[in-house]
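See structure below.
Laboratory data are not the source of any read-out in this text; all were calculated from the coordinates shown. The shown structure was predicted, so the numbers you read here are calculated from the model rather than taken from an experiment. Cβ: placed from backbone, ideal geometry, glycine included. Neighbour counts: every protein chain shown.
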Amino acid sequence: MKKRTIRALLISLVLLFSLAGTASAAGSTTATVPVTLTVSNEYRAVNVTVPASLPVRVVNGAVAVADSARITNNSRTGSVRVTGLSVTDGAYRVGNYDSFTGSKTIALKINGCTTKGSGRVDINSTAFPVIEPQKNMPLKYHAKVSGDAPNTDGVDAANVVFTISIV
């Protein structure tokens with residue numbers, strides 16, 4: 001940082017001395033000074049809202065999920081996109097949504113993309129399109145829960161991790 005400050009001071013002094021001119025009593029001197037602009041955008045902030053949770057309820061064997069889940073791009077400029085999705089084990093083991101089996105297991109389908117087990121979920125740009133500034137993308141999700149689920153309330157059955165990138 002000191003090198004930049006010293007360099008800026010030297011440039012300012014050179015500019016000052018180069019603009020110094022002699023003026024006679026009968027005349028005037030004009031000088032043109034450039035406006036130098038430096039922009040350093042090392043990063044742009046991602047400003048999005050993701051759901052605090054993706055609730056799943058099982059009532060007498062019927063599985064119900066929220067229909068209001070969405071990801072919102074709060075930015076005034078700059079589009080974003082979900083570029084990664086993973087689901088990891090919580091109190092339940094994450095299973096394969098398409099061939100669901102197992103004890104104390106949960107499987108998810110989010111915007112049509114299904115879990116195959118704990119870890120990364122294969123996603124595509126159709127399921128997770130670009131989210132324009134000040135817009136949102138609905139999250140349509142479904143769940144399967146093993147029949148041996150005991151009566152509980154508010155258990156963190158699994159964890160969903162969204163990776164969101166600037167487009």
Given (1) without any contact (Cβ under 8 Å) to a residue 12 or more places away in the chain; (2) under 30 Å from Arg44 (Cβ atoms), identify the lone condition not met by Arg57.
(2)
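Just to be sure before I move on: is Ile110 β-branched (Val, Ile, Thr), without any contact (Cβ under 8 Å) to a residue 60 or more places away in the chain and within 15 Å of Pro138 (Cβ to Cβ) in the structure I sent?
On the way: β-branched (Val, Ile, Thr): yes; without any contact (Cβ under 8 Å) to a residue 60 or more places away in the chain: yes; within 15 Å of Pro138 (Cβ to Cβ): yes.
So Ile110 passes the test.
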Failed item, numbered, when Asp122 is tested on (1) acidic (Asp, Glu); (2) within 14 Å of Ile164 (Cα to Cα); (3) without any contact (Cβ under 8 Å) to a residue 40 or more places away in the chain:
(2)
Filtering the range 110-124 down to residues that are closer than 20 Å to Asp67 by Cβ, within 20 Å of the chain's Cα centre (by Cα) and not in a loop (DSSP other than H, G, I, E, B) yields Ile110, Cys113
Quick one: in the range 82-106, which of the residues that are touching a residue at least 40 places away in the same chain (Cβ under 8 Å), assigned to a loop (DSSP other than H, G, I, E, B) and of a type outside the set (Ser, Thr, Tyr) is surrounded by the fewest Cβ atoms within 10 Å (Cβ to Cβ)?
Ala91
Residue satisfying condition, being in a loop (DSSP other than H, G, I, E, B), among the small types (Gly, Ala, Ser) and closer than 19 Å to Gly61 by Cα, within set Ala127, Ala143, Ala149
Ala149
